[in-house]
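**Q** A single structure is presented below for examination.
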Amino acid sequence: MYWLVALMTFAILGLILLGLVLELRPQLATGARPWYKPAMGTQLVVFVGAQLGLLVLGINNAFAEVDVVAMESVNEMSLGMGLAIIGAGIPTAISTIGAGIAVGPIGAASLAAITEKPENLGRTLIYLGLAEGIAIYGLVISILLINKL
């Protein structure tokens, strides 16, 4: 099972290195044949295959028999509780990504508007605050969900 984790790690490292290469040397991506698309596809297939392998091979560990005497002495987090905590964090993650996507164009437009008419500063700050409020809503939902656990 450790070889699947190593396979996933190498696939992610390959994707990160490929992204760095294409970011630092963009002229490599403009060749006659796009060599990076098959490389990215292969790494993604390896990563997803390793995840599916972990899911299939790790299903026995998830349904293993529980020793009640050993569990009383150790405070371990169950699989369900771990998934519940991840689920509680998802609203914050998605809303933060949405706020980042919203703040970028609004901030650029705000700077352009302030350059032309500086008296519009207060109005543009309100728009930026509304866009940033999306992240705060997700954080509030996550806090409410964690309080229910």
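**Q** Report every pair of residues separated by at least 6 positions or lying on different chains whose Cβ atoms are under 6 Å apart, first residue within region 1-25 and without any contact (Cβ under 8 Å) to a residue 60 or more places away in the chain, second assigned to a helix (DSSP H, G or I) and among the β-branched types (Val, Ile, Thr).
**A** 11/46
**Q** Still on this model: Select from region 109-129 the residues that are farther than 22 Å from residue 99 by Cα and of a type in the set (D, E, K, R) and list them in ascending order.
**A** Across region 109-129, the qualifying residues are 116, 117, 119.
**Q** Further question on the same structure: Modelled with pLDDT of 90 or more, of a type in the set (Asp, Glu) and surrounded by fewer than 14 Cβ atoms within 10 Å (Cβ to Cβ), is that true of residue 76?
**A** Spelling it out, it is not the case that residue 76 is modelled with pLDDT of 90 or more, of a type in the set (Asp, Glu) and surrounded by fewer than 14 Cβ atoms within 10 Å (Cβ to Cβ).
The values are calculated or read from the model by the stated rules, or taken from the named source; none is laboratory data. Note that the structure is predicted; figures quoted are calculated from it, not measured. Backbone-built Cβ (ideal geometry, glycine too); neighbour counts: all protein chains shown.
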